[in-house]
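**Q** Take a look at the following structure, please.
The values are calculated or read from the model by the stated rules, or taken from the named source; none is laboratory data. If you're wondering where the values come from, they're calculated on a predicted model, not measured in any experiment. Backbone-built Cβ (ideal geometry, glycine too); neighbour counts: all protein chains shown.
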Amino acid sequence: MSVVKGKVALVTGGASGIGLEFARELLKNGLKGVVLVDVNPILGQKAVTELRKEFAPEKVLFHQADVTDKELLEGGFKLAVQRFNHLDIVINNAGILNDKIWEKEVAININSVVVGSLLAVDEYLPQFCDGDESYLVNIASIVGLDPFICVPIYSGTKSFIIGFSRALGAEPHYQRTKVKVLTICPGVTDTPLISEMSGRNLGPDYEAVLADEVKPLKTQPPEYVAKGLIDVLNKGTSGSVWLVEGKEPAVEIDFP
Ligand code: NAD
């Protein structure tokens, strides 16, 4: 039986790509309910309609919020607790790749992950999880470990997530409260973040970067990352886990 059975999850950036697949895979594995938090109401409604057709409609909720606004983000946490009575898994997945608007990129990829993580580990998970274990999952990227394409601000934000989550997971307090902190580092994945990548996402040499570095990249399906997350949760792994199709999932640091 999967560890996610009967649990309640919140997924930021849950209206598209990897976040939407996380929600679907968690529901397939017996999740009691999920709140998708996303800034985009059109994608949000589409995602909810899709998931409600596949699973019981009452299991899927959408909360429109820009994750950089703490109050709006926390609204998603409150909704989960109000509607499902508990909250056990928080996935900080919302992220953008656009080094040309780097302040916004930093605000979404770093600030909101810090705020969402602290809300999860300090307040909601210890207070509202059902049973012993709860999970904070932060989504980084392999470019946070290996900058093989030239998107320095994006890579830096993902390195931050890896370091921050590692320190949080090693914190004795959270080990005592049994909040497991996990970082997933997907390889290049076929989502709008990659397919809509264009010059506006890259630095000044974007045409060369696109031709030499981005176009030849082999992508993996978001389903691969979502299934990988379930495996990692079921195995009880913690630390930073690489999920790159064709390679064994590698754990960078595994906490006790
Ligand atoms: P995506 O663009 O398909 O989905 C991102 C979602 O986040 C969208 O629904 C978008 O509306 C939402 N979002 C963006 N800004 C937001 C905000 N301020 N508030 C709330 N929601 C917001 O992208 P994806 O590829 O599924 O990316 C998901 C995560 O995976 C990101 O953190 C990304 O950095 C990471 N990642 C992606 C890849 C890849 O190759 N696609 C690889 C490694 C890591």
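**Q** So for the stretch 157-168 (the condition being touching a Pro at 6+ places or on another chain (Cβ under 6 Å), under 16 Å from Gly95 (Cβ atoms) and more than 10 Å from the ligand (Cβ to nearest atom)), does at least one residue qualify?
**A** Narrowing the stretch 157-168 to residues touching a Pro at 6+ places or on another chain (Cβ under 6 Å): none.
No, every residue in the stretch 157-168 fails to be touching a Pro at 6+ places or on another chain (Cβ under 6 Å), under 16 Å from Gly95 (Cβ atoms) and more than 10 Å from the ligand (Cβ to nearest atom).
**Q** Is there a residue being over 24 Å from Ala226 (Cα atoms), more than 10 Å from the ligand (Cβ to nearest atom), among the acidic types (Asp, Glu) and surrounded by fewer than 17 Cβ atoms within 10 Å (Cβ to Cβ) anywhere in the stretch 80-100?
**A** no
**Q** Here is a follow-up. Any residue that is of a type outside the set (A, V, I, L, M, F, W, C) and near the ligand (Cβ under 9 Å from one of its atoms) - is there at least one of those in the stretch 21-33?
**A** Just the residues of the stretch 21-33 that are of a type outside the set (A, V, I, L, M, F, W, C), to begin with: 21, 24-25, 28-30, 32-33.
The next check asks that each one be near the ligand (Cβ under 9 Å from one of its atoms); those that pass are 21.
There is at least one residue in the stretch 21-33 that is of a type outside the set (A, V, I, L, M, F, W, C) and near the ligand (Cβ under 9 Å from one of its atoms).
**Q** Given Ile153, Ile194, Ile162, Ile149, which one is closer than 22 Å to Gly228 by Cα, surrounded by fewer than 22 Cβ atoms within 10 Å (Cβ to Cβ), over 15 Å from the mean Cα position of the chain (by Cα) and β-branched (Val, Ile, Thr)?
**A** None of the others qualify; the one that does is Ile194.
**Q** Right, here's the next one. So, in the stretch 222-251, how many residues would count as being surrounded by 14 or more Cβ atoms within 10 Å (Cβ to Cβ) and in a loop (DSSP other than H, G, I, E, B)?
**A** Result for the stretch 222-251: 5.
**Q** While we're looking at this one, here's another question. Among the listed residues Phe62, Phe55, which satisfies the condition of being over 13 Å from the mean Cα position of the chain (by Cα), within 13 Å of the ligand (Cβ to nearest atom), aromatic (Phe, Trp, Tyr) and modelled with pLDDT of 95 or more? Give the steps one after another, and end with the answer.
**A** Details: Phe55 fails: within 13 Å of the ligand (Cβ to nearest atom).
Going through Phe62, Phe55 in turn, the sole match is Phe62.
**Q** Let me ask another. In the stretch 125-146, how many are farther than 21 Å from Val232 by Cβ and surrounded by 15 or more Cβ atoms within 10 Å (Cβ to Cβ)? Break it down into steps so the answer makes sense when it comes.
**A** So in the stretch 125-146, the residues farther than 21 Å from Val232 by Cβ come out as 126-128.
Add one more test, that the residue is surrounded by 15 or more Cβ atoms within 10 Å (Cβ to Cβ), and what stays is 126, 128.
Going through the stretch 125-146 one residue at a time, the tally reaches 2.
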